[in-house]
1. Out of all the residues in segment 98-117, is one or more assigned to a strand (DSSP E or B) and at pLDDT 90 or above?
2. Condition check: small (Gly, Ala, Ser) and either assigned to a strand (DSSP E or B) or free of Cβ contacts under 8 Å to residues at least 24 places away in the same chain (or both). Does Gly44 satisfy that?
3. Restricting attention to segment 66-81, does a residue exist that is at pLDDT 85 or above, among the small types (Gly, Ala, Ser), in contact with a strand residue (DSSP E or B) (Cβ under 7 Å, 6 or more places away or on another chain) and closer than 29 Å to Ser39 by Cα?
4. Residue pairs, Cβ under 7 Å, 6 or more apart or interchain, first in segment 48-64 and farther than 16 Å from Gly122 by Cβ, second at pLDDT below 95 and of a type outside the set (A, V, I, L, M, F, W, C). List them.
5. For a quick check of your reading of the model, give me the residue pairs whose first member lies in segment 96-116 and is among the polar types (S, T, N, Q), whose second is surrounded by 13 or more Cβ atoms within 10 Å (Cβ to Cβ), with beta-carbon atoms closer than 7 Å and at least 6 apart or on different chains.
6. Working carefully through the options Thr21, Thr16, Thr45, find the one that is within 22 Å of Leu130 (Cβ to Cβ) and modelled with pLDDT under 70.
7. Under 7 Å by Cβ, and 6 or more places apart or on different chains, what pairs join a residue from segment 129-148 that is modelled with pLDDT of 85 or more with one that is among the acidic types (Asp, Glu) and surrounded by 10 or more Cβ atoms within 10 Å (Cβ to Cβ)?
Amino acid sequence: GSASPGSLSVPNTTSTGALFTQLRLSTPSEVSDLDRISSLMELGTKEQWLIDEEETTIDPKCVLGRGGQGDVVMGRFCCGPVAIKRYQSRFGARNPSMFDELRILRHMRHPNIALFHGAIVGPRGGNITLVLEKVSGIRLDAFISEMPGL
């Protein structure tokens with residue numbers, strides 16, 4: 001049997017997928033952006049990954065890593081050590097990859113990937129701070145540089 005045209009499976013974007021796409025493509029100056037950030041915070045509450053900033057402490061002097069998108073510093077959440085990833089805003093614009101990372105990490109569970117505890121969403125600017133498991137051991141860049149032939 002062949003399928004009739006009405007029974008074909010047509011891919012579509014979920015409402016959460018559409019929300020992340022809109023957030024990624026929007027600029028902070030858009031009026032509708034506040035609604036999208038509010039929707040993101042509602043999603044975080046529903047999926048139980050939204051963290052109130054008051055629940056964390058950040059040690060900005062203890063930098064675990066730095067990159068082109070921001071920095072990772074030591075922090076505490078639920079009385080335990082965590083890595084806090086803070087994105088840098090450049091020229092008033094958000095970094096769209098922060099939405100991509102949040103979209104993926106909220107469903108990712110793997111023993112070789114740092115555990116995602118949640119995220120802090122800034123209601124005004126829409127900046128996102130990720131709260132991740134602090135992993136002990138050798139830094140990835142040091143590990144790679146020690147590999148022969150690289």
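1. Filtering segment 98-117 for residues assigned to a strand (DSSP E or B) gives 116-117.
Next cut, at pLDDT 90 or above only: 116-117.
Yes, segment 98-117 contains at least one residue that is assigned to a strand (DSSP E or B) and at pLDDT 90 or above.
2. no
3. Within segment 66-81, one or more residues are at pLDDT 85 or above, among the small types (Gly, Ala, Ser), in contact with a strand residue (DSSP E or B) (Cβ under 7 Å, 6 or more places away or on another chain) and closer than 29 Å to Ser39 by Cα.
4. Val63/Asp71
5. Final answer for the pair search is Ser97/Gln69.
6. The unique qualifying residue is Thr16.
7. Close Cβ pairs (under 7 Å, with a partner that is among the acidic types (Asp, Glu) and surrounded by 10 or more Cβ atoms within 10 Å (Cβ to Cβ)) amount to Leu130/Glu101.
The values are calculated or read from the model by the stated rules, or taken from the named source; none is laboratory data. No experiment lies behind these values; they were computed from the predicted model shown. Cβ atoms come from the backbone with ideal geometry, glycine included; neighbour counts cover every protein chain shown.
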